[in-house]
Structures are given as C-alpha cells and as structure tokens.
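First the structure, in the form of structure tokens, and then the observations on it.
The values are calculated or read from the model by the stated rules, or taken from the named source; none is laboratory data. Just so it is clear, the structure is predicted and the values come from calculations on it, not from any experiment. Don't worry about glycine lacking a Cβ; one is built from the backbone with ideal geometry, like all the others, and counts go over all protein chains shown.
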Amino acid sequence: MNTLLVDERDGVVTVTLNRPEVHNAFNDELIAEAVELFDGIARGAARAVVLRGSGANFCAGADLNWMSRMVAYTREENVRDAAKLSRMYAVMNECPVPIVGRIQGAAIGGGVGLVAVCDIAIAAPDAKFGLSEVKLGILPAVISPYVIAKIGETHARALFLTGERFDAERALRIGLVHRVADDLDAAVDETVAQLKTSGPEAVRECKKLIAHVAASDLDEAIPYTIEAIANRRVSEEGQEGMGAFLRKEKAPWVK
C-alpha cells in the first residue's frame, strides 16, 4: 500500500497513515486503500487495531489537491465522491476488531471523523482538534453520524457551527477521546493489553451489541440482549471463560 503502513504482530494490526508531507490528509488513494485494508481486517483473526499518523500530526482531513478537484465537480460527481468517503468511515466503524486511536498533533475535519470511529481514542496533551468545514462554506456531513454519536448533539452544535479549534482536555470532556496521556505509546500498549485479556469472539459480539442497542428502542433492544447473552453463555468461548473463572484460572486466550 502506498498511503498506509501496515504492521501485524502478536494479533495486533498497526495502521499508520503515511502521508506526513500533507499532515496525513486523505485523498482518493488513501480512501480506497483504507476500505480494502479494513475489509480484510474484518475477515481476519486480529485482536486489535492501532490507528496512528506518521510525523507530527494525526490527520488534517482532506488533501488540498483532492479538494481543488471537487470545486469543478458536478453535483453527481460530488455524490459519487462523498459516497466513497462515507464507505471508508462505515467500514472502519463497523470493523468487528476494536480500533485504538493514537492521536498526536492535529486532527482536523475528516481527521476528527477518524477519531470518532475509533473504539478507544488516546490523545497527547498537546493534540488539537477542529471541525472546520463551515469555515470553507461546506459541512462535516459524511463524518457527522460518527462524531454526533461520540459527542452528542449539544457539543456538535457548538463545534460544527463555529468550526473552532479545541484542545485535548475539551476532547476528553465531551467524549471524543477517552484518555489524555503524556506517553502515548505506553498508554496504547496498556489498552491493547487490556483488550487481549478479553475473549476474542466476545469482543466482536460486544461491538455488534453496542451498535444494535444504540440504534434500537427498548422494545427491540431487550429481546436482542436476552438472545445475545444466552448465545454467549452456551458458546465454546463463553463456556471456557466462565469455567476458568470458577476454577480461579486464567482464560485460555490469556494464557
């Protein structure tokens, strides 16, 4: 891959946005490579994904050269273009493998969207964020389902409408990131280690559970949750995990 560096070891896939000369801004090529990569990860046996940016910044959103072409696009061409970008976020958001975001420097516009599709996001204290699309006369439209799911409507109103920059502490307060850490690598390693103590199948099913319950009313959610826990209790992994706990042993996936 040309725009992404991929390293897989010990069940962890580290994905590095590799366009530091443009602050890891995305273009058609990166979008296509990300869709292909995360489709493959979903079908594999990885335990966790670490998403990071090369160089000083995490992701500056859309590449300026890419954006310059959009100015001349017809409405139909813009629809096709936005659909490709939307597909990238959807594939990442729906990835059954947990994604841990390592956020340094700037995450702007679409870069905030990438933070939002991470299951667990850890930011450096000096990280900066911004949903600056309105400053350009456009909208944070494609990323909005994921960002609003993370920070809620009230914070989206303030940040989408002003396009203001905000720091890591505010990102933590509003729920965009889950932790601010001086030593990013140590914090990411600690989080990945925690994920690897959980049942691999249970983690994947848990992501499905969260998505389903979040999108359902109680009448639909409750029967689903009953079936979900019953299925896990009788599954091979559930039986192994509960048995090990009762015997005061480590689960086999921890060993």
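Given (1) free of Cβ contacts under 8 Å to residues at least 60 places away in the same chain; (2) assigned to a loop (DSSP other than H, G, I, E, B); (3) surrounded by fewer than 16 Cβ atoms within 10 Å (Cβ to Cβ), where does residue 45 come up short, assuming only one miss?
Unmet condition: (1).
Return the residues of the stretch 110-126 that are part of a loop (DSSP other than H, G, I, E, B) and either surrounded by 24 or more Cβ atoms within 10 Å (Cβ to Cβ) or of a type outside the set (Gly, Ala, Ser) (or both); say none if nothing qualifies. If you could, list the steps in order and put the result at the bottom.
From the stretch 110-126, those part of a loop (DSSP other than H, G, I, E, B) are 118-119, 124-126; that's our starting set.
Within the stretch 110-126, 118, 119, 125, 126 qualify.
Would you confirm, using the coordinates I've provided, whether residue 156 is in contact with a His (Cβ under 8 Å, 6 or more places away or on another chain) and in the same structural domain as residue 49 (by TED's automatic domain parsing)?
Working: in contact with a His (Cβ under 8 Å, 6 or more places away or on another chain): no; in the same structural domain as residue 49 (by TED's automatic domain parsing): yes.
Taking the combined requirement at face value, the residue does not satisfy it.
May I ask you to verify whether residue 236 is out of contact with any Gly (no Cβ under 6 Å at 6 or more places or on another chain), over 22 Å from residue 42 (Cβ atoms) and either surrounded by 14 or more Cβ atoms within 10 Å (Cβ to Cβ) or not aromatic (Phe, Trp, Tyr) (or both)? Before you say what the answer is, go through the steps one by one.
On the way: out of contact with any Gly (no Cβ under 6 Å at 6 or more places or on another chain): yes; over 22 Å from residue 42 (Cβ atoms): no; either surrounded by 14 or more Cβ atoms within 10 Å (Cβ to Cβ) or not aromatic (Phe, Trp, Tyr) (or both): yes.
So residue 236 does not fit the description; no.
Looking at the stretch 142-169 only, could you name the residues that are part of a helix (DSSP H, G or I) and aliphatic (A, V, I, L, M)? Write out each step before concluding.
To start, the set of residues in the stretch 142-169 that are part of a helix (DSSP H, G or I) comprises 144-162, 168-169.
147, 148, 149, 151, 156, 158, 159, 161, 168 - these are the residues of the stretch 142-169 that are part of a helix (DSSP H, G or I) and aliphatic (A, V, I, L, M).
Tell me which of these residue 95 doesn't satisfy, since it passes every other one: (1) touching a Phe, Trp or Tyr at 6+ places or on another chain (Cβ under 7 Å); (2) farther than 27 Å from residue 158 by Cα; (3) not in a loop (DSSP other than H, G, I, E, B).
Tallying (1) touching a Phe, Trp or Tyr at 6+ places or on another chain (Cβ under 7 Å); (2) farther than 27 Å from residue 158 by Cα; (3) not in a loop (DSSP other than H, G, I, E, B), residue 95 fails exactly one: (3).
Could you say which residue among 213, 203, 192 is in contact with a Leu (Cβ under 9 Å, 6 or more places away or on another chain) and either over 18 Å from residue 107 (Cβ atoms) or not assigned by TED's automatic domain parsing to the domain that holds residue 130 (or both)?
Values: 213 fails: in contact with a Leu (Cβ under 9 Å, 6 or more places away or on another chain); 192 fails: in contact with a Leu (Cβ under 9 Å, 6 or more places away or on another chain).
Every option except 203 fails the conditions.
How about the stretch 74-89: which of its residues are over 19 Å from the mean Cα position of the chain (by Cα) and surrounded by 13 or more Cβ atoms within 10 Å (Cβ to Cβ)? Spell out the reasoning first.
Narrowing the stretch 74-89 to residues over 19 Å from the mean Cα position of the chain (by Cα): 74-81.
Scanning the stretch 74-89 gives a single hit, 81.
Let me confirm something: among 204, 173, which residue is touching a residue at least 24 places away in the same chain (Cβ under 8 Å) and part of a helix (DSSP H, G or I)? Steps first, answer last, please.
Details: 173 fails: touching a residue at least 24 places away in the same chain (Cβ under 8 Å).
Step by step, each of 204, 173 is checked, and only 204 is touching a residue at least 24 places away in the same chain (Cβ under 8 Å) and part of a helix (DSSP H, G or I).
For the stretch 130-141, state whether one or more residues are over 21 Å from residue 50 (Cβ atoms) and in a strand (DSSP E or B).
Initial filter on the stretch 130-141 (over 21 Å from residue 50 (Cβ atoms)): 130-141.
Of the ones still in play, those that are also in a strand (DSSP E or B) are 130.
Yes - at least one qualifying residue is present in the stretch 130-141.
Criterion first (assigned to a helix (DSSP H, G or I), within 21 Å of residue 112 (Cα to Cα) and modelled with pLDDT of 95 or more) does residue 37 satisfy it?
It is true that residue 37 is assigned to a helix (DSSP H, G or I), within 21 Å of residue 112 (Cα to Cα) and modelled with pLDDT of 95 or more.
Would you point out the residue of the stretch 209-230, among those that are part of a helix (DSSP H, G or I) and in contact with a helix residue (DSSP H, G or I) (Cβ under 8 Å, 6 or more places away or on another chain), that is farthest from residue 10 (Cα to Cα)? Before you say what the answer is, go through the steps one by one.
Step one: filter the stretch 209-230 for residues part of a helix (DSSP H, G or I), giving 209-214, 218-230.
Still in the running and in contact with a helix residue (DSSP H, G or I) (Cβ under 8 Å, 6 or more places away or on another chain): 209, 212-214, 221, 224-225, 228.
Working: 209: 26, 212: 30, 213: 31, 214: 32, 221: 35, 224: 33, 225: 32, 228: 29 Å.
Applying the filter and picking the extreme gives 221.
Just to be sure I understand, how many residues within the stretch 231-255 are in a helix (DSSP H, G or I) and among the polar types (S, T, N, Q)? Give the steps one after another, and end with the answer.
Start the filter on the stretch 231-255 by keeping residues that are in a helix (DSSP H, G or I), which leaves 231-234, 236-246.
Subset that is among the polar types (S, T, N, Q): 231, 239.
So the answer is 2.
Against the definition (surrounded by fewer than 13 Cβ atoms within 10 Å (Cβ to Cβ), more than 16 Å from the chain's Cα centre (by Cα), more than 17 Å from residue 133 (Cβ to Cβ) and among the acidic types (Asp, Glu)), how does residue 7 come out, yes or no? Give the derivation first.
Working: surrounded by fewer than 13 Cβ atoms within 10 Å (Cβ to Cβ): yes; more than 16 Å from the chain's Cα centre (by Cα): yes; more than 17 Å from residue 133 (Cβ to Cβ): yes; among the acidic types (Asp, Glu): yes.
Yes: the conditions hold for residue 7.
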